[in-house]
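The values are calculated or read from the model by the stated rules, or taken from the named source; none is laboratory data. In this text, all values refer to a predicted model and were calculated from it rather than measured experimentally. Note: ideal-geometry Cβ built from the backbone for every residue, glycine included; neighbour counts use all protein chains shown.
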Amino acid sequence: MRTQKRKLGRGVAIVGGAMSHFGRSSKKNSRDLMTEAYVEALSSVELGMDPTEIEALYIGNFSSDLFEGQSHLGHLMADWLGLAPKPATRIEGACASSGLAFRQGVMAVASGMHDVVLVGGVEKMSAASTEGTQDYLAKASDVPMEVDQAGFTFPALYAAMSSAYMSRYGTDRKHLMAVAIKNHQNGVLNPKAQFNLSVLDIMGGRAAQAKRDGKATPHWRDEYDFLQDTDANPLVASPLHLFDCAPITDGASCILLTTEMAARRYTEDVVTVIASTQASAGPMSTWGGDITSIPSARIAAREAYEMARVTPADIDVVEVHDCFTSAEILAIEDLGFFEPGKGAGASVDGQTNRCGDLPVNVSGGLKAKGHPVGATGVAQLQEIWRQLSGKADERQITHKDLKLGLAHNVGGTGGTCTVHILERK
Amino acid sequence: MTVKFIGITDYYEGLTKGKIVASKCNKCDDVYLPPRPICSTCQARDMILKELRGEGRIIGHTTVAVPPSNMVDKGFSYDRRYVTAIVALDQGAIIAALIDMIGSEYDGEVIHVGMAVRAHFLVQPDRSQNEPVLVFRPM
């Protein structure tokens, strides 16, 4: 039994943050993407920050080795951002790589080792073929047992979890579609999102394209009808179709951390880290037979609420790891916002819409914002920081006062999970 | 003297003999696949190898339309799909394995959570690997 109390040695604050444009960019490599995020993060510090104040870098990256043929990314980023000889460390935890990098930065500041730290994440994915990308992402599973023996891909693993969930709770594909429709709708307001198009926009675009090509114009009644059409939305791994999956994305993200004490030197709007937790799990075969929920997420969430001394009901805004639409449903249950089996209806009923009781993925989520895997964790956290400090521009939530925000970042099928809670002071 | 730990090699050796070899913890009786040296439930290191009968139930499944390259090499594609699953064996362990439909009347539509399945060992026709592949068929 773990009984020790989790607390930070000293308070940690976010004073700046940014993400690069997310999308496919054939001309940009991971250094270019990271530069874009870093320069904007520096200029986001209201009262300014001298780059020489940065004492260390923690960079999340899943697999530049496979995607770009480049290992040893930490020192390259330090050099490219003009920050060598400051210590730079690359952190890998699959799609949770930069959730981990953020956590390492928090611990470095909290411990007293460093006063100002850069945390970030980067992934350049689009140079590989779609088949190559799928193979590389599958390296984050238990390769001999899940891929070599059983032919699982990443979508297939989440699909198996989804089949168990749908069977237990009697939900259907409409619940998954509602998550995609919501997150695409949110992405419309995010100029840096890979898709700032609603599903309705995409549907209209497809119909217009068919007309231009002189093909029979498809007549979809609504978004749900469009998503039912397997020509428009082909199967990936049942029940998951293309619009259930986060896209292949190039992108980087960056956050500047300092002590809570020093934060007012940089900004008037101080946002602090009040919980930073992380849990591990083996592959699904070790979960004891229940694959309708991710054990590491439940544990990291419970410990985060304990550390922050808050409850799920206190949280005002959330970014969750919707690598698949089904994953968002599991996430909002694992985080304690909905009872098991009730998360499926949240998007359908509008509870998690940007104007709902609990806005989830107002950035567009991984689905619409894009999912450069190693950059995702810090991208989520900079969105929460923007929302809490009133810097979210057009997508700023205004129908409620924002005090506490939470970010949930998952690596693999929950082999790694981080949960962070931020507070506006 | 080197100590030999139970591990995934024991699983592959079992497959070559047409057996599913798991580990069983002598302290808490929990069974794991592939066999492991330290019990994940109780951390005991008193583990023995145990052959399983290979009967169980599907707890999660999917029909894969976009296969990984190792399955593309076996001839699968968007138009030639396969079913894979997470199977809970009656004797305790859980494993990821293909559902073999070749030569049977089953297709992906009939596979469901809770379906009873039995293990089969498929020898690879191209001898691409030494040991047979563990698959399950509906009972």
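When you check A:LYS28 against the structure, is it buried (at least 19 other Cβ atoms within 10 Å of the Cβ) and not hydrophobic (A, V, I, L, M, F, W, C), yes or no?
Details: buried (at least 19 other Cβ atoms within 10 Å of the Cβ): yes; not hydrophobic (A, V, I, L, M, F, W, C): yes.
Yes: the conditions hold for A:LYS28.
Identify all residues within region A:65-86 that are under 25 Å from A:MET125 (Cβ atoms) and either among the hydrophobic types (A, V, I, L, M, F, W, C) or surrounded by 23 or more Cβ atoms within 10 Å (Cβ to Cβ) (or both); write none if there are none. Before you say what the answer is, go through the steps one by one.
Narrowing region A:65-86 to residues under 25 Å from A:MET125 (Cβ atoms): A:65-81, A:83.
Matches in region A:65-86: A:LEU66, A:PHE67, A:LEU73, A:LEU76, A:MET77, A:ALA78, A:TRP80, A:LEU81, A:LEU83.
Looking only at region B:46-59, how many residues end up being crowded, with 24+ Cβ neighbours inside 10 Å and either over 12 Å from the mean Cα position of the chain (by Cα) or within 19 Å of A:PRO239 (Cβ to Cβ) (or both)? It would help to see each step written out before you state the result.
Step one: filter region B:46-59 for residues crowded, with 24+ Cβ neighbours inside 10 Å, giving B:56, B:58-59.
Now narrow it down to the ones that are either over 12 Å from the mean Cα position of the chain (by Cα) or within 19 Å of A:PRO239 (Cβ to Cβ) (or both): B:58-59.
Within region B:46-59, residues that are crowded, with 24+ Cβ neighbours inside 10 Å and either over 12 Å from the mean Cα position of the chain (by Cα) or within 19 Å of A:PRO239 (Cβ to Cβ) (or both) number 2.
Looking only at region A:280-307, how many residues end up being over 15 Å from A:GLY405 (Cβ atoms), away from every other protein chain (no Cβ under 11 Å) and buried (at least 21 other Cβ atoms within 10 Å of the Cβ)?
Result for region A:280-307: 4.
Restricting to region A:242-282, give me the number of residues that are charged (D, E, K, R), over 18 Å from A:GLY121 (Cβ atoms) and in contact with a Leu (Cβ under 7 Å, 6 or more places away or on another chain).
Taking region A:242-282 and keeping what is charged (D, E, K, R), we get A:244, A:250, A:260, A:264-265, A:268-269.
Checking which are over 18 Å from A:GLY121 (Cβ atoms) leaves us with A:244, A:260, A:264-265, A:268-269.
From the residues that got through so far, the ones that are in contact with a Leu (Cβ under 7 Å, 6 or more places away or on another chain) too are A:244, A:265.
Looking only at that region, the number is 2.
Kindly list, by first and then second residue, each pair from a residue in region B:62-78 that is facing chain A (nearest Cβ under 7 Å) to a residue that is of a type in the set (Phe, Trp, Tyr) and surrounded by 17 or more Cβ atoms within 10 Å (Cβ to Cβ), limited to pairs with Cβ atoms under 7 Å and residues at least 6 apart or on different chains.
Filtered contacts from region B:62-78: B:VAL64/B:TYR82; B:PRO67/B:PHE76; B:MET71/B:TYR82.
When you look at B:SER40, is it outside any helix (DSSP H, G or I), more than 9 Å from chain A (Cβ to nearest Cβ) and farther than 18 Å from B:LEU122 by Cα, yes or no? Steps first, please.
On the way: outside any helix (DSSP H, G or I): yes; more than 9 Å from chain A (Cβ to nearest Cβ): no; farther than 18 Å from B:LEU122 by Cα: yes.
Answer is no for this residue.
I'd like to know if region A:184-199 contains one or more residues that are at pLDDT below 95, exposed (fewer than 15 other Cβ atoms within 10 Å of the Cβ) and polar (S, T, N, Q).
No; the residues of region A:184-199 include none that is at pLDDT below 95, exposed (fewer than 15 other Cβ atoms within 10 Å of the Cβ) and polar (S, T, N, Q).
Please find, within region A:106-126, the residue that is surrounded by the most Cβ atoms within 10 Å (Cβ to Cβ) out of those that are of a type in the set (Val, Ile, Thr) and in a strand (DSSP E or B).
Step one: filter region A:106-126 for residues of a type in the set (Val, Ile, Thr), giving A:106, A:109, A:116-117, A:119, A:122.
Subsequent filtering for residues that are in a strand (DSSP E or B) retains A:116-117, A:119, A:122.
Working: A:VAL116: 23, A:VAL117: 26, A:VAL119: 33, A:VAL122: 37.
Taking the candidates together, the pick is A:VAL122.
When you scan region A:127-167, how many residues do you find that are crowded, with 21+ Cβ neighbours inside 10 Å, of a type in the set (S, T, N, Q), part of a helix (DSSP H, G or I) and touching a residue at least 40 places away in the same chain (Cβ under 8 Å)?
Number satisfying all stated conditions: 2.
Scan (1) within 14 Å of chain B (Cβ to nearest Cβ); (2) farther than 23 Å from A:ILE329 by Cα for the single condition A:LEU137 breaks and write down its number.
Going through the list (1) within 14 Å of chain B (Cβ to nearest Cβ); (2) farther than 23 Å from A:ILE329 by Cα, A:LEU137 breaks only (2).
Out of the residues in region A:234-268 that are part of a loop (DSSP other than H, G, I, E, B) and in contact with a Phe, Trp or Tyr (Cβ under 9 Å, 6 or more places away or on another chain), state the one that is surrounded by the fewest Cβ atoms within 10 Å (Cβ to Cβ). Break it down into steps so the answer makes sense when it comes.
So in region A:234-268, the residues part of a loop (DSSP other than H, G, I, E, B) come out as A:234, A:238-239, A:246-249, A:260-262, A:266-268.
From what is left, the residues that are in contact with a Phe, Trp or Tyr (Cβ under 9 Å, 6 or more places away or on another chain) are A:234, A:246-247, A:249.
Numbers: A:PRO234: 13, A:ALA246: 26, A:PRO247: 19, A:THR249: 25.
Within region A:234-268, the match that is surrounded by the fewest Cβ atoms within 10 Å (Cβ to Cβ) is A:PRO234.
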